[in-house]
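Have a look at the structure below before the remarks.
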Amino acid sequence: RRLGLERKTFIFFCSDNGATKNGSNGALAGYKGSLWEGGHRVPAVAYWPGRIRPGTTTDQTVLGMDMFATMASIARAGLPAALKLDGVDLLGMMTKNENLPERTLFWRYRNEKALRKGPWKLLVRDDKAALYNLDEDLGEKNDLARTEPRMLKMLEDELAVWDREVSAGVKLRA
């Protein structure tokens with residue numbers, strides 16, 4: 001404050017995981033170390049006077065990997081055109097309330113895999129697939145795998161393609 005840096009500095013706070021089993025994730029299933037929403041869904045706070053309007057909120061899904069693209073944008077860093085980033089620039093969302101592009105999100109941790117596409121979440125644990133509509137069931141209590149077989153198959157196929165792409169040439173240890 002003595003130097004006035006808080007007036008021109010972008011500040012971003014978030015956690016990397018949900019609460020441990022000793023904490024609370026409210027109505028969310030799971031804890032740190034799982035791919036349930038309680039394992040990774042966390043709040044975040046962004047502060048940038050004159051750019052981000054105080055009190056602005058969003059329920060759009062963002063990931064930690066989006067911070068690289070966002071920081072590069074803020075710094076006006078020229079990234080190589082051929083560089084394909086996993087994350088997206090959040091600046092328009094934070095400063096102009098723009099919608100992020102639609103994208104499919106993927107997670108993998110130990111023997112679990114998950115995919116998020118719009119409201120749909122596919123969770124694969126111990127080679128068993130479960131399907132949830134997070135708009136209707138944020139607590140992941142109602143597995144729709146049997147009642148939504150076409151959606152299940154589409155998401156399983158998309159997850160399999162992603163898994164092959166990120167695993168190509170990598171020896172997995174779990």
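Which residues, taken from segment 30-61, are among the aliphatic types (A, V, I, L, M) and either touching a His at 6+ places or on another chain (Cβ under 6 Å) or surrounded by 13 or more Cβ atoms within 10 Å (Cβ to Cβ) (or both)? Matches in segment 30-61: 35, 42, 44, 46, 52.
Pairing each residue of segment 113-125 that is within 12 Å of residue 162 (Cα to Cα) with any residue that is of a type in the set (Asp, Glu), provided the two are 6+ apart or on different chains, yields C-beta distances under 9 Å for 113/163; 115/156; 115/158.
Determine if segment 105-125 includes at least one residue that is surrounded by 12 or more Cβ atoms within 10 Å (Cβ to Cβ) and among the hydroxyl-bearing types (Ser, Thr, Tyr). I'd like the intermediate steps shown before the answer.
At the first step, the residues of segment 105-125 found to be surrounded by 12 or more Cβ atoms within 10 Å (Cβ to Cβ) are 105-110, 112-125.
Subset that is among the hydroxyl-bearing types (Ser, Thr, Tyr): 109.
Scanning segment 105-125, I find at least one residue that is surrounded by 12 or more Cβ atoms within 10 Å (Cβ to Cβ) and among the hydroxyl-bearing types (Ser, Thr, Tyr), so the answer is yes.
May I ask you to verify whether residue 28 is of a type in the set (A, V, I, L, M, F, W, C), in contact (Cβ under 8 Å) with a residue 60 or more places away in the chain and part of a loop (DSSP other than H, G, I, E, B)? Let's see the steps before the verdict.
Values: of a type in the set (A, V, I, L, M, F, W, C): yes; in contact (Cβ under 8 Å) with a residue 60 or more places away in the chain: yes; part of a loop (DSSP other than H, G, I, E, B): yes.
So residue 28 fits the description; yes.
Any chance you could count how many residues in segment 89-146 are basic (Lys, Arg) and out of contact with any strand residue (DSSP E or B) (no Cβ under 6 Å at 6 or more places or on another chain)?
Here is the first cut: in segment 89-146, the residues basic (Lys, Arg) are 96, 103, 108, 110, 113, 116-117, 121, 125, 128, 141, 146.
Applying the additional criterion that residues be out of contact with any strand residue (DSSP E or B) (no Cβ under 6 Å at 6 or more places or on another chain) yields 96, 103, 108, 110, 128, 141, 146.
Counting residues in segment 89-146 that are basic (Lys, Arg) and out of contact with any strand residue (DSSP E or B) (no Cβ under 6 Å at 6 or more places or on another chain) gives 7.
A short reminder: the numbers here are calculations on the coordinates, not readings from a lab. No experiment lies behind these values; they were computed from the predicted model shown. Every residue, glycine among them, receives a Cβ derived from its backbone with ideal geometry; neighbour counts consider all protein chains shown.
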